[in-house]
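Values in this text are rule-based calculations from the coordinates and carry no lab data. Computed from a predicted structure; not experimentally measured. All Cβ positions, glycine included, derive from the backbone under ideal geometry; neighbour counts span all protein chains shown.
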Amino acid sequence: MLLKNKKAIVTGGNQGIGKGVAIALAKAGADVVIQYRSAKDKALITAGEIEALGRKSFAIQSDFTEANTPEEFLKDAIEKLDTVDILVNCAAAYERQQLLEIVPETFAWMQKVNVEIPLRLIQQFAHHLINKKIAGSIINISSIAAIRPIVGSCLISCSKAGLDMLTKCTALELAQYQIRVNGIAPGQTETESNIPYIESNPEEWNQAIKKIPLTRAGKPSDIGELAVFLASDNSSWLTGVTIPVDGGHILSL
């Protein structure tokens with residue numbers, strides 16, 4: 001098992017891509033704490049599925065937009081597992097708006113949730129690893145929208161591009177402590193958060209899928225398998241990169 005005896009934190013791990021990552025890490029041998037803001041029932045189901053795999057799991061509710069909650073959550077999560085080796089920043093905000101409809105408050109909100117919160121979690125997690133003299137892995141879940149924007153994606157594209165640069169900056173500064181930081185940029189993925197968009201824009205969704213060279217939308221497990229690799233020693237000489245997982249979609253945009 002690639003992650004035997006490893007311990008992981010996955011924010012936004014109750015559903016969608018976060019759940020796919022949490023389950024994949026557990027299958028690879030890791031104990032997993034998942035953070036959720038809402039949908040407690042889904043969080044408990046996910047934790048139960050992880051425990052059914054023979055791994056420890058805890059679901060912790062935390063609204064990262066409230067003062068000091070990212071730091072409080074991370075402290076609680078570390079205490080639950082005694083120590084932690086892996087942090088996956090998956091919790092995020094997604095807003096689709098046309099450029100001329102965007103107001104400064106919404107732009108700032110997206111930057112806060114998608115860039116500032118991961119920064120704060122990385123800082124505290126890094127302090128933990130450094131104090132314990134542990135070599136760890138941090139994985140930021142980005143988006144192909146950061147690489148190749150489309151109409152209506154300005155909010156997502158700008159914030160995820162910021163996250164990609166955060167991945168590079170933190171990888172550079174934390175390498176001296178043997179802490180690796182990498183990112184994953186999913187393409188069109190079938191998740192709960194995409195259901196409203198798919199239902200309200202079925203033609204757009206289907207057209208997007210048709211542009212994918214591998215002819216299908218992604219699944220949370222597709223992202224999860226890469227997360228396992230990035231969290232494991234098999235990627236011990238890899239840091240500061242964000243890898244697209246999109247079925248080749250950015251090749252055809």
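You can think of it this way: the chain between TYR177 and ASN5 has 59.9 nm of extra reach, that is 0.36 nm per residue less the Cα-Cα gap.
Under a crude label model (7 Å from the Cα following the beta-carbon direction), how far is ILE195 from GLU225 in nanometres? Output for this residue pair reads 2.6 nm. Helix 40-52 against the longest principal axis of the chain: what's the angle in degrees, Cα atoms only, rounded to the nearest 10? Value to nearest ten degrees: 50. The packing ranking of peptides 74-83, 159-168, highest mean first, is 159-168, 74-83, where packing means the average number of other beta carbon atoms within 10 angstrom of each residue. Near GLY218, the amide H atoms lying under 5 Å from its own belong to GLN188, THR189, GLU190; only residues 5 or more places off or on other chains count, and H is placed 1.01 Å from N.
Remark: spin-label model distance ASN131-ALA39 equals 3.3 nm, labels positioned 7 Å along the Cα→Cβ axis. The charge dipole of the range 7-248, taken about the Cα centre with unit charges on the Cβ atoms of Lys, Arg (+1) and Asp, Glu (-1), comes to about 500 debye, rounded to the nearest 20. Each peptide in 184-194, 13-23, 221-231, 93-103 was scored by the mean count of other Cβ atoms within 10 Å over its residues; highest first, the order is 13-23, 221-231, 184-194, 93-103. With contributions of -39500 (n - 2.57) from each DSSP H run of at least four residues, the per-residue ellipticity at 222 nm computed over the chain stands at -13500 deg cm²/dmol. For ASP246, the residues 5 or more places off, or on other chains, whose built amide H falls under 5 Å of its own are GLY187. Structure remark: mean-square fluctuation, Gaussian network model of the chain, C-alpha springs under 10 Å; the largest value among PRO213, PRO104, PRO118 belongs to PRO104. Relative contact order of the chain: 21 percent, from C-alpha pairs under 8 Å at least 6 residues apart in sequence. Summing Cβ point charges (Lys, Arg +1; Asp, Glu -1) relative to the Cα centre of the range 1-131 gives a dipole of roughly 520 debye.
Measuring r between the beta carbons of GLN97 and ARG120 and using R0 = 25 Å, the FRET efficiency lands at 0.45. Measuring between their Cα centroids, the range 122-152 and the range 158-209 lie 11 Å from each other. Our estimate of slack between GLU105 and ARG216, defined as 0.36 nm per intervening residue step minus the Cα-Cα distance, is 36.4 nm.
At q = 0.14, 0.16, 0.19, 0.21 Å⁻¹, what base-10 log of I(q)/I(0) does the Debye formula yield for the range 1-131 when every alpha carbon is treated as an equal point scatterer in vacuo? Values returned for q = 0.14, 0.16, 0.19, 0.21 Å⁻¹ are -0.60, -0.76, -1.01, -1.19.
The C-alpha atoms of the chain define a longest principal axis, and helix 69-81 lies at about 50 degrees to it.
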